[in-house]
Ligand code: NAP
């Protein structure tokens, strides 16, 4: 492939390490099925090598001034922006999302380096009023140490950026294990690390067995923190494993986002918000609307207008101009979508647009809208992770809140109303880490991203996003009499 960021080797201790005859993982383009390359299937040994490299780099990296770390982050930001087009192309090729979304993701990822680069200068400590006349109390903040990250395929650049930018700003070296379906956007960070002259060992990318990587980073005492974005079942296993060694963890897990439209909403705005919220990345996002709850007075009109716009979405290879929805990541993704539609229609839901595999074949699926969906259907409790919008009906505000909170997840939620009092009531009543009023897109590097309940622990982005990478040290200065 003609792309300066395309590497098929791992980046460990500032060097490119190939499989050298060992096992590899082939990576395909989900739009064409074509194999675009292969990366090493590394395991415990190579993970341990990366941990050693990061461990050696730690004292040197933490000793950099805040200004120096900030400047490195600024350079990574600039490199991502300067090469946005090439990085976007690589992302689309391995993941399938439309090029415009891929470029947008690169810019979003870059913003994390800008934001955390600025925050690196503001990792303030404290002086606490002492209860003793002869003693003083101070609080300082220190980097936690070597960080290991595991990330999913749906945002291959942004999920790494959120973690890496915060770690580097705080003074922590990092080892990244990307999803095996999308390793190239991760390996591109190795090229960027070289470009900006990051000291060796500060940023490492290891591809291969997730299980072996996880076992090594949990057991290896040099790793002080594990940060994970992915599914809730894997997050739970990882957190349990990390708990055996009392490792700090951050968990960005699955969601089951409600998108509530009240009778008094601006309907055009709600329809447009629902489209972007549901169909961005072909519905393969943890914050995308999984359940659209519409009040009875506007249910039919909403369904009609929404389905008309959904039917007009252009499906195709993300590299082609004007495409708004790419393929799903793989056959398993399509099978889950089909299972949810089959279960819902068997229990009485109606397909009002889409509903089947797209004529383009492969893992392309028609953008779909289902109406008359109820809580008895699988789609109401399970994350679909595909381009299917189920429309539920409710009568009262209390009913909407009860339905919205009736899930073990608590990541993102959305609602549309023009009533100010209702806006406050609903915002406070939704049991979610993030609530958007009259907007269908919620993420920005300056706000805290994260969930409650089984959607995870910790926050990424914002001033709170550094906390997970920092240890608080209490210092007592005595003998001052
Ligand atoms: P996944 O199966 O949990 O995989 C995510 C990552 O975990 C991949 O790197 C995977 O590696 C690795 N992994 C798999 N099995 C593992 C194990 N036993 N131990 C340690 N690591 C393991 O999730 P996915 O299907 O790729 O991603 C979709 C999920 O991520 C959805 O549930 C979505 O909601 C969630 N997500 C959450 C957020 C958020 O911020 N809350 C953001 C994006 C996505 P391999 O690829 O090598 O198997």
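The values are calculated or read from the model by the stated rules, or taken from the named source; none is laboratory data. Predicted model, so just to flag it, every value in this text is computed and none were measured. Virtual Cβ from ideal backbone geometry, glycine too; neighbours counted across all protein chains shown.
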Residue 88 being surrounded by 23 or more Cβ atoms within 10 Å (Cβ to Cβ), part of a helix (DSSP H, G or I) and out of contact with any strand residue (DSSP E or B) (no Cβ under 8 Å at 6 or more places or on another chain): yes
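Matching residues to (1) within 16 Å of the ligand (Cβ to nearest atom); (2) within 10 Å of the chain's Cα centre (by Cα); (3) under 30 Å from residue 330 (Cα atoms); (4) modelled with pLDDT under 95:
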| position | (1), (2), (3), (4) |
| --- | --- |
| 125 | no, no, no, no |
| 130 | no, no, no, no |
| 134 | no, no, no, no |
| 139 | no, no, no, no |
| 146 | no, no, no, no |
| 154 | yes, yes, yes, no |
| 158 | yes, yes, yes, no |
| 161 | yes, yes, yes, no |
| 164 | yes, no, yes, no |
Residues located in region 169-187, provided they are more than 10 Å from the ligand (Cβ to nearest atom), assigned to a helix (DSSP H, G or I) and either modelled with pLDDT under 95 or touching a helix residue (DSSP H, G or I) at 6+ places or on another chain (Cβ under 6 Å) (or both): 169, 170, 184, 185
Selection status of residue 215, more than 10 Å from the ligand (Cβ to nearest atom) and surrounded by fewer than 22 Cβ atoms within 10 Å (Cβ to Cβ): no
Total residues in region 227-246, condition touching a strand residue (DSSP E or B) at 6+ places or on another chain (Cβ under 7 Å), closer than 22 Å to residue 42 by Cβ and more than 9 Å from the ligand (Cβ to nearest atom): 2
Lone unmet requirement of (1) crowded, with 24+ Cβ neighbours inside 10 Å; (2) in contact with a helix residue (DSSP H, G or I) (Cβ under 9 Å, 6 or more places away or on another chain) for residue 305: (1)
Some residue of region 189-209 being within 10 Å of the ligand (Cβ to nearest atom), closer than 30 Å to residue 67 by Cβ and buried (at least 24 other Cβ atoms within 10 Å of the Cβ): no
Qualifying residue in region 7-21 (condition: free of Cβ contacts under 8 Å to residues at least 40 places away in the same chain, closer than 30 Å to residue 216 by Cβ and either within 16 Å of the ligand (Cβ to nearest atom) or part of a helix (DSSP H, G or I) (or both)): yes
Residue count, region 38-79 (criterion: in contact with a strand residue (DSSP E or B) (Cβ under 6 Å, 6 or more places away or on another chain), outside any helix (DSSP H, G or I) and under 24 Å from residue 110 (Cβ atoms)): 1
